[in-house]
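Chemist: Take this structure first; my questions come after.
The values are calculated or read from the model by the stated rules, or taken from the named source; none is laboratory data. Model, not experiment: these values are computed from the prediction. Positions of Cβ are backbone-derived with ideal geometry, glycine not excepted, and every protein chain shown enters the neighbour counts. For accessibility, only protein heavy atoms count, side chains too; no ligands or nucleic acids. Shrake-Rupley method; radii C 1.70, N 1.55, O 1.52, S 1.80 Å.
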2 protein chains.
Amino acid sequence: MKKLINKPEDVVKEELEGIVFAHPDLVRVHFAPNYIVRADAPVKGKVGIVSGGGSGHEPLHGGYVGIGMLHAACPGEVFTSPTPDQIYDATKAVNGGAGVLHIVKNYSGDVMNFEMAAEMAGADGIEVASMVTNDDVAVQDSLYTQGRRGVGVTVFVEKIAGGAAEAGMPLKELTALANRVNENGRSMGMALTSCTVPVAGKPTFELGDDEMEIGIGIHGEPGRERMKIKPVDEVVDMMADAILTDLPFKSGDRIIAMVNGMGGTPLIELYVAYRRLAQICQGKGIKIERNLIGNYITSLEMAGFSITLLRADDEMIKYWDAPVHTPGLRWGM
Amino acid sequence: MKKLINKPEDVVKEELEGIVFAHPDLVRVHFAPNYIVRADAPVKGKVGIVSGGGSGHEPLHGGYVGIGMLHAACPGEVFTSPTPDQIYDATKAVNGGAGVLHIVKNYSGDVMNFEMAAEMAGADGIEVASMVTNDDVAVQDSLYTQGRRGVGVTVFVEKIAGGAAEAGMPLKELTALANRVNENGRSMGMALTSCTVPVAGKPTFELGDDEMEIGIGIHGEPGRERMKIKPVDEVVDMMADAILTDLPFKSGDRIIAMVNGMGGTPLIELYVAYRRLAQICQGKGIKIERNLIGNYITSLEMAGFSITLLRADDEMIKYWDAPVHTPGLRWGM
């Protein structure tokens, strides 16, 4: 195992210590239970937004805590759900009196632990609403998941809901907006290589030297099909077809598009993939209004990428464009 | 070779086509000869800044073209110097009447071709000043290089000079500032794995399963020492010691620090490395005023990282903080 770490069991703790050194202007970190919270939390009179999940997907979620996005993030161990007490404490820390929204990726452990934390916070009199992302079109049920997995659209939900919360949107309306983003978003990923969870010490799965896996999950869960490597244009064609026909996206749609690296993919390759995606959308009369190209929801050092497309309305684009200042996403300030 | 590409010889062209689709608000791309130029170039009455070098280091340099940073970038083929005609044409395209600054990393081919282009532009009556970055403390001479290699400080020079040019600094003063940044910056890198140049089709060098290389160059040039993998704290200790004693940095110094991923390194590991770097600086009374943690000057999919430290004065920090809007770096707007 080749990793820039000390002890495998200390990776998350030491990453959080790095965040403390790096971003004291933006966030505070609470240890045991672990959560990252906006430096100015709780923001009085505004809805607090909490997300979280296993570590190893950085910058998701901790890198999205700051102004205009998440109010707190709860990092579990690598590829492991955060515990209810982490989420409960983070929920209390961001409660500014206007309620708290939980953004949860659809993995059974995450869903269960966020539910438990919401109940605990509710018993304290904190109004908590929850929404679950499930945008991965690759497979219906999966390892760790009933229904579809929550992947790239989570970045979009966190940004758009974060912008709306900053603008003072009340909890009920905010929850509806977050759900609308999820319902209009679709994703699919692929892998050229596996990744290695530090405490496991060996690759999560094996892939031949000439093989790739289409529809891979962000924890290496099996996808749709394992096949020989093809030119990236053909790979993008397959993925875009699966995504576009699923919603379905139609001529005249305006979208926000993300070509996301899994962690071990050079940026130059992501632009080659984006080129093909843009050609496909152009050919179908679908207008890419905004784009993100880079590493936003990763799987440690996995080589591969995912595509997320969001059919966006004016309100979504307005809050997408709203100022954001987090370690992982920043514009307008 | 596992890559998200079509034909190896088309990678750079297709990446540039991706940039055309992705960032029409920020940049234009000229093909044959290839260069990326600010959408609003030439900026009348202000110095134009041109950089460039081999592709494969993205976001450097093309990702730093935009408001407040580079006016143009000339991408060569992967790990190959740009040609004089690329640089000459880019220089003409950004000439707004106040002269042009060339920022060149110290590799013999880059230096030679930028010199030739500067002469050609000079013959046209364009005032061109050049500065060469050479911040890599690892080795004195290297494959492709006489003297020290130019690496991470190039990002700092491009940002700080870019901010100053935007503010209207004249060419002579701007060149002096760029040189001062280089003179006060030091870097060192390391690799856990090699990378594969697409047209080569096989790894640039071989490294054992339990080995790492300290002092690696961004094209895989040999470093100081190949050794067994150690805990990242020990790796950072070695690299920081080499960097800090070289300038030397002293108690009371204010610095801008970058922990840069080589392309295949998970962000979580970069934060673990940053933690140790911050501890070391704190222990020595060196104050990290600003930081960058992520992929800023890469080597395709190489796993590894580099550290760049810049002893910064007020003027450098002022232009570091100045608004920037490029595909690869953005704040304040």
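Chemist: The conditions are (1) open to solvent by 30 Å² or more (accessible area, probe 1.4 Å); (2) within 17 Å of the chain's Cα centre (by Cα); (3) among the charged types (D, E, K, R); (4) within 20 Å of A:LEU329 (Cβ to Cβ), and A:GLU77 fails exactly one of them. Which is it?
Modeler: Among (1) open to solvent by 30 Å² or more (accessible area, probe 1.4 Å); (2) within 17 Å of the chain's Cα centre (by Cα); (3) among the charged types (D, E, K, R); (4) within 20 Å of A:LEU329 (Cβ to Cβ), A:GLU77 violates only (4).
Chemist: For B:ILE87, all conditions in the list (1) open to solvent by less than 20 Å² (accessible area, probe 1.4 Å); (2) under 15 Å from the mean Cα position of the chain (by Cα); (3) more than 14 Å from chain A (Cβ to nearest Cβ); (4) under 27 Å from A:LEU270 (Cβ atoms) hold save one; what is the number of the exception?
Modeler: Only one criterion is unmet by B:ILE87, namely (2).
Chemist: Something else about it: Could you count how many residues in segment B:65-74 are surrounded by 23 or more Cβ atoms within 10 Å (Cβ to Cβ) and of a type in the set (Val, Ile, Thr)?
Modeler: Adding up the residues that qualify gives 1.
Chemist: Within segment B:308-327, restricting attention to residues that are surrounded by fewer than 22 Cβ atoms within 10 Å (Cβ to Cβ) and either of a type in the set (Val, Ile, Thr) or within 11 Å of another protein chain (Cβ to nearest Cβ) (or both), which residue is nearest to B:ILE243 (Cα to Cα)?
Modeler: Only one residue fits best here, namely B:ILE317.
Chemist: Do you know which residues across segment A:113-125 are over 24 Å from A:MET69 (Cβ atoms) and in contact (Cβ under 8 Å) with a residue 12 or more places away in the chain?
Modeler: A:MET116, A:MET120, A:ASP124, listed by residue number.
Chemist: When the residues of segment A:183-197 are narrowed to those that are open to solvent by 10 Å² or more (accessible area, probe 1.4 Å) and touching a residue at least 12 places away in the same chain (Cβ under 8 Å), which ends up nearest to the chain's Cα centre (by Cα)?
Modeler: The extreme case among them is A:ARG186.
Chemist: Do you know which residues across segment B:221-239 are surrounded by 24 or more Cβ atoms within 10 Å (Cβ to Cβ) and either under 20 Å from the mean Cα position of the chain (by Cα) or without any contact (Cβ under 8 Å) to a residue 12 or more places away in the chain (or both)?
Modeler: Once the filter is applied, which keeps residues that are surrounded by 24 or more Cβ atoms within 10 Å (Cβ to Cβ) and either under 20 Å from the mean Cα position of the chain (by Cα) or without any contact (Cβ under 8 Å) to a residue 12 or more places away in the chain (or both), segment B:221-239 yields only B:MET239.
Chemist: Take the residues in segment B:4-63 that are open to solvent by 50 Å² or more (accessible area, probe 1.4 Å) and in a helix (DSSP H, G or I), then tell me which one is nearest to the other protein chains (Cβ to nearest Cβ).
Modeler: Selected residue: B:PHE21.
Chemist: Does B:LYS92 satisfy the criteria of being among the charged types (D, E, K, R) and more than 14 Å from chain A (Cβ to nearest Cβ)?
Modeler: Considered against the rule, which asks whether it is among the charged types (D, E, K, R) and more than 14 Å from chain A (Cβ to nearest Cβ), B:LYS92 comes out as yes.
Rundown of residues vs (1) assigned to a helix (DSSP H, G or I); (2) in the same structural domain as A:LYS230 (by TED's automatic domain parsing); (3) under 28 Å from A:THR245 (Cβ atoms), yes/no style:
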{"residue": "A:GLY147", "(1), (2), (3)": "no, no, yes"}
{"residue": "A:GLU158", "(1), (2), (3)": "yes, no, yes"}
{"residue": "A:GLY162", "(1), (2), (3)": "yes, no, no"}
{"residue": "A:LYS172", "(1), (2), (3)": "yes, no, no"}
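Chemist: Go through segment B:183-199 and give me each residue that's in contact with an Asp or Glu (Cβ under 6 Å, 6 or more places away or on another chain) and within 11 Å of chain A (Cβ to nearest Cβ).
Modeler: The answer is B:ALA191, B:CYS195.
Chemist: Do you know which residues across segment A:53-88 are among the acidic types (Asp, Glu) and closer than 21 Å to A:ALA161 by Cβ?
Modeler: The answer is A:GLU58, and nothing else.
Chemist: Here's a check for you: in segment B:278-300, which residue that is surrounded by 20 or more Cβ atoms within 10 Å (Cβ to Cβ) and over 20 Å from the mean Cα position of the chain (by Cα) is farthest from the other protein chains (Cβ to nearest Cβ)?
Modeler: Across segment B:278-300, the extreme among qualifying residues is B:ILE286.
Chemist: Please go through segment B:259-277 and pick out each residue that is within 12 Å of B:ALA191 (Cβ to Cβ) and facing another protein chain (nearest Cβ under 7 Å).
Modeler: B:GLY263, B:GLY264, B:THR265 - these are the residues of segment B:259-277 that are within 12 Å of B:ALA191 (Cβ to Cβ) and facing another protein chain (nearest Cβ under 7 Å).
Chemist: Also: Does A:ALA98 count as in contact (Cβ under 8 Å) with a residue 12 or more places away in the chain, open to solvent by 20 Å² or more (accessible area, probe 1.4 Å), not polar (S, T, N, Q) and not in a helix (DSSP H, G or I)?
Modeler: Yes: the conditions hold for A:ALA98.
Chemist: While we're looking at this one, here's another question. Just name the residue that is nearest to A:VAL324 (Cα to Cα) out of those in segment A:154-170 that are in contact with a helix residue (DSSP H, G or I) (Cβ under 9 Å, 6 or more places away or on another chain) and open to solvent by 10 Å² or more (accessible area, probe 1.4 Å).
Modeler: Once the filter is applied, the top-ranked residue is A:GLU166.
Chemist: Turning to a different aspect of this structure: B:ALA32: in contact with a helix residue (DSSP H, G or I) (Cβ under 6 Å, 6 or more places away or on another chain) and either free of Cβ contacts under 8 Å to residues at least 60 places away in the same chain or farther than 21 Å from B:TYR107 by Cβ (or both), yes or no?
Modeler: No.
Chemist: A follow-up question, please. Determine whether A:PRO82 is crowded, with 20+ Cβ neighbours inside 10 Å, part of a loop (DSSP other than H, G, I, E, B) and touching a residue at least 24 places away in the same chain (Cβ under 8 Å).
Modeler: yes
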